[in-house]
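Just so it is clear, none of the values below were taken in a lab; they were calculated from the coordinates. What you are looking at is a predicted structure, and each value in this text was computed from that prediction instead of being measured. Quick reminder, even Gly has a Cβ in these numbers, built from the backbone with ideal geometry, and neighbours come from all protein chains shown.
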Amino acid sequence: PTEEMENRVRQIKEKFGSRLFIPGHHYQKDEVIQFADAAGDSLQLAQISAENTECEYIVFCGVHFMAETADILTTDKQKVILPDMRAGCSMADMADIDQTERSWQVFQETFGDTVIPLTYVNSTAAIKAFVGKNGGATVTSSNAKEMLEWAFTQKERILFLPDQHLGRNTAFDLGVPLEQMAVWNPHTDSFEFEGKIDDIRVILWKGHCSVHENFTVANVEQIRLDEPDMNILVHPECSREVVALSDFAGSTKYIIDMIESASIGSKWAIGTEMNLVKRLIDNHPDKHIVSLNPYMCPCLTMNRINLPHLLWTLEELDSNHVINQITVDRTITRLATLALERMLQKS
Ligand code: 13P
Ligand code: SF4
């Protein structure tokens, strides 16, 4: 029964005290997030992991790339555990390291030494290492603008991995015209672009978030028709068209801050992951909040972390078994740290 599982999690947490730390992403289920020692977006969780040198075990309630980042940023003695190894991220899997190395060769031949790589933290450790090795940095949705601005002080062109939408939306906000952004298709090794190759300033990797792409122009039009006084607030992993038609766009933290500071009685249609939207609805009964897509959009891999999996990993720890440990190779760690630190120093 749920209550028994919850009590057992509490007991084990109490027994381990400060030796155990549980970070939780805002997209996690309530049954899990209630036990998080810190809840945050991906930037906050990266920062918290970098600062926490005390705890022995980090049971990461989020997805695989987040646990990898925690392992990269923590000491060798600290062990990072992911309660379910199937909790991956389809966007991170869209940039494979071999494809990326091969594509980089093409960019070097086409543009010479004028390109700097940036990767959204939603990428594998190997991609972060590739970016670190080539002078680039990681970005999150909270600092993408600052990081692109910095990248343009380094080189004429940016390669943005793996989310084309965050890359396009951020570059657009910085004044880069859409005609100077080209999508690179790593499956065909070619640009999806009609202009002159020399005009390209931002190379967008052809990746996307399978959750945020479910918020559509049709959803926006329907809300505008049904409830014209509703504010539309979306995450920048949504398409350019959806962001352009919305009233506000920003990271997970931005969305939470907007709703927390919104006036009583205000109306909001939110385009982001279902668990967060549900929590905002529950925590703000004085505001009218709905999902921009009425069918709600869950991240199925985030949702793989549930109370039974959390308890299972904790029970094993209590019996001195470390299961589901995430360990990033040393060379990859060294290079990925370069990319992460270039970001953390600026955040
Ligand atoms: P942020 O936490 O950076 O807003 O990212 C959203 C996301 O999709 C996490 O996987
Ligand atoms: Fe990946 Fe999208 Fe899920 Fe975030 S919400 S973990 S980007 S699939």
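Could you work out how much longer the chain between Lys196 and Glu14 gets when fully extended? Use 0.36 nm per residue separation minus the Cα distance between them, nm to one decimal.
59.3 nm
Straight-line reach from Lys278: which lysines have a Cα under 25 Å away, not including same-chain ones fewer than 8 places off?
Lys29, Lys253, Lys267, Lys287
In the chain, what % of DSSP beta bridges are antiparallel (nearest 5)?
So the antiparallel bridges amount to about 10 percent of the total.
If each of Glu146 and Arg102 carries a label point 7 Å out from its Cα toward its Cβ, how far apart are those two points in nm?
3.7 nm
Kindly count the pairs of lysines across the range 92-205 whose alpha carbons are less than 21 Å apart, treating pairs on different chains or eight or more residues apart as eligible. List each step's numbers first, then the result.
Numbers: Lys128/Lys145; Lys128/Lys155; Lys133/Lys155; Lys145/Lys155; Lys155/Lys196.
Counting lysine pairs in the range 92-205 gives 5.
Using the Cα gyration tensor of the chain, with a ≥ b ≥ c the square roots of its eigenvalues, what is the shape: rounded (a/c below 1.5), prolate (a/b larger than b/c) or oblate (neither)?
It comes out oblate by the Cα gyration axes.
Once each part is reduced to its C-alpha centroid, what is the distance from the range 216-249 to the range 13-74 in angstrom?
32 Å
Taking 7 Å along the Cα-to-C-beta vector as the label spot, tell me the Glu315-Phe248 distance in nanometres, rounded to one decimal.
Output for this residue pair reads 4.3 nm.
Which ordering of Tyr57, Tyr27 is given by a fewest-first count of other beta-carbon atoms within 10 Å?
Ordered from fewest to most neighbouring Cβ atoms within 10 Å, Tyr57, Tyr27 come out as Tyr57, Tyr27.
May I ask what percent, to the nearest 5, of DSSP beta bridges between residues of the range 92-205 are antiparallel?
Just about 15 percent of them are antiparallel.
Give the longest segment of the chain that steers clear of GluC sites (Glu not before Pro) in DSSP loops with at most 10 neighbouring Cβ atoms within 10 Å, not counting the sites themselves.
With GluC sites (Glu not before Pro) excluded where exposed in loops, the chain gives 195-347 as its longest stretch.
Once you place label points 7 Å from the Cα toward the Cβ at Asp329 and Arg224, how far apart are they in nm?
4.9 nm
Ranked by Cβ crowding within 10 angstrom, fewest neighbours first, how are Asp198, Asp257 ordered?
Taking fewest neighbouring Cβ atoms as first place, the list is Asp198, Asp257.
For Leu307, Leu280, which order do you get if you count the other beta carbons within 10 Å of each Cβ and list the fewest first?
On the way: Leu307 19, Leu280 23.
Arranged by neighbour count, lowest to highest, Leu307, Leu280 become Leu307, Leu280.
Got a sec? Charge dipole of the chain, +1 on Cβ for Lys and Arg, -1 for Asp and Glu; which of Asn283, Gln11, Thr301 is way out at the positive end?
After comparing all options, I get Gln11.
Might you report the magnitude of the Cβ-based charge dipole of the chain about its Cα centre, with Lys and Arg at +1 and Asp and Glu at -1, to the nearest 20 debye?
Dipole of the chain, to the nearest 20 debye: 520 debye.
Quick check: Cα centre of the range 90-104 to Cα centre of the range 167-201, how many Å?
Using only Cα atoms, the two centres lie 17 Å from each other.
Can you tell me which of Leu45, Leu317, Leu166 moves the most in a GNM of the chain? Springs connect C-alpha atoms under 10 Å apart.
Checking each option, the largest mean-square fluctuation is seen for Leu317.
Quick one: Karplus J couplings for the range 105-110, per residue in order, coefficients 6.51, -1.76, 1.60, θ = phi - 60°, nearest Hz, x for Gly and Pro?
Once rounded to whole Hz, the list reads 4, 4, 5, 5, 5, 7.
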